[in-house]
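Participant: My questions all concern the structure below.
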Amino acid sequence: MLSKVLATRLRKVMEYVVHVDQTYCVPSRLITDNVTLTPDVLDLSGSLGCELGLISLDQEKAFDQVEHQYLWQTLEAFVFSSGLIAKIQVLYRDLESVLKINGSLCAPFEAQRGVRQGCSLSGMLYSLAIEPFLHRLRSKLQGFSFPGCRDVFKIVCVCGWHNGLC
């Protein structure tokens, strides 16, 4: 229940915090916009003779890779209130996991990274966690613009439940 309440609050600010080129788990943005934009950019750059680079990153088990301490620091850097961060931390405090190996469960261990699959907050937390990396890429890339369009495309980011492409 707490995660749903927090997700509702977080959903209201995602479009202001996460850059417009990232559409995953941001209300009013559609992943399909970026899925269809990618081939358009590639086709146009080819017809105009522009050099264009494409990087495809597949983060295997991306949700499992988010370190909690990094996530808290990222939320602080985005100037989320300490109260909201503390409430999110409650969901991850004293979190234990067990592994099933060869049919047997191992002893519980403290989980220090990962956002919970299926939790209503997870997608938004993941999008926030990768935003500093994407910001760094944006600051280093020249970008590409369509003729007659003032927008410069530097990154087309597509993330999905089962994979992430940026």
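Participant: Run the reach check for Lys140 against lysines, Cα to Cα strictly under 20 Å, same-chain hits fewer than 8 apart removed. What comes back?
Facilitator: Cross-link targets: Lys154.
Participant: I need the Kirkwood Rh of the chain: take the reciprocal of the average 1/r across all distinct C-alpha pairs and report it in angstrom.
Facilitator: Every distinct Cα pair counted, the radius reaches 17.7 Å.
Participant: Follow-up question, since we're still on this one. Add +1 for every Lys or Arg and -1 for every Asp or Glu among the other residues with Cβ under 11 Å from the Cβ of Asp64, and state the total.
Facilitator: Every neighbour counted, the sum reads +1.
Participant: A further question on this structure: Take the chain, mark every one of the trypsin sites (Lys or Arg not before Pro) that falls in a DSSP loop and has at most 11 other Cβ within 10 Å, then report the longest stretch left between them, sites excluded.
Facilitator: 94-149
Participant: Now for a different question. May I ask for log10 I(q)/I(0) of segment 25-64 at q = 0.30 Å⁻¹, from a Debye sum over the Cα atoms as equal point scatterers with solvent left out?
Facilitator: Each listed q maps to, in turn, -1.01.
Participant: Right, here's the next one. As an exercise, find the ratio Rg/Rh for segment 7-78 from alpha-carbon atoms, using the Kirkwood inverse-distance average for Rh.
Facilitator: With Rh from the inverse mean 1/r over Cα pairs, Rg/Rh is 1.06.
Participant: Could you tell me what fraction of 2.2 N^0.38 Å the Cα radius of gyration of segment 52-128 comes to, as a two-decimal ratio?
Facilitator: 1.32
Participant: Please list, ordered by chain and number, the residues whose modelled amide H lies under 5 Å from the amide H of Glu67; skip anything fewer than 5 residues away on the same chain.
Facilitator: Under 5 Å from the amide H of Glu67 lie the amide H atoms of Gly114, each far enough along the sequence or on another chain.
Participant: Could you tell me the relative contact order of the chain? Use alpha-carbon pairs under 8 Å, at least six residues apart, and round to a whole percent.
Facilitator: Contact order relative to length: 35 percent.
Participant: Also, I was wondering about something else. Specify the longest stretch of the chain that does not include any exposed loop site, a site being one of the GluC sites (Glu not before Pro) with a non-H, G, I, E, B DSSP assignment and at most 11 other Cβ atoms within 10 Å.
Facilitator: 61-166
Participant: With θ taken as phi - 60° and the coefficients 6.51, -1.76 and 1.60, list the Karplus ³J(HN,Hα) couplings across segment 13-21 in order, rounded to whole Hz; mark glycine and proline as x.
Facilitator: 10, 4, 5, 8, 9, 8, 4, 4, 7
Participant: Using the Cβ atoms and a cut-off under 11 Å, what net charge is assigned to the surroundings of Gly123, where Lys and Arg are +1 and Asp and Glu are -1?
Facilitator: Taking every Cβ under 11 Å from that of Gly123, the sum is +2.
Read the figures in this text as sums done on the coordinates, not as results from a lab. Everything numeric here is computed off the predicted structure, so don't read it as measured data. Ideal geometry is used to build each Cβ from the backbone, glycine not excepted, and the neighbour counts take in all protein chains shown.
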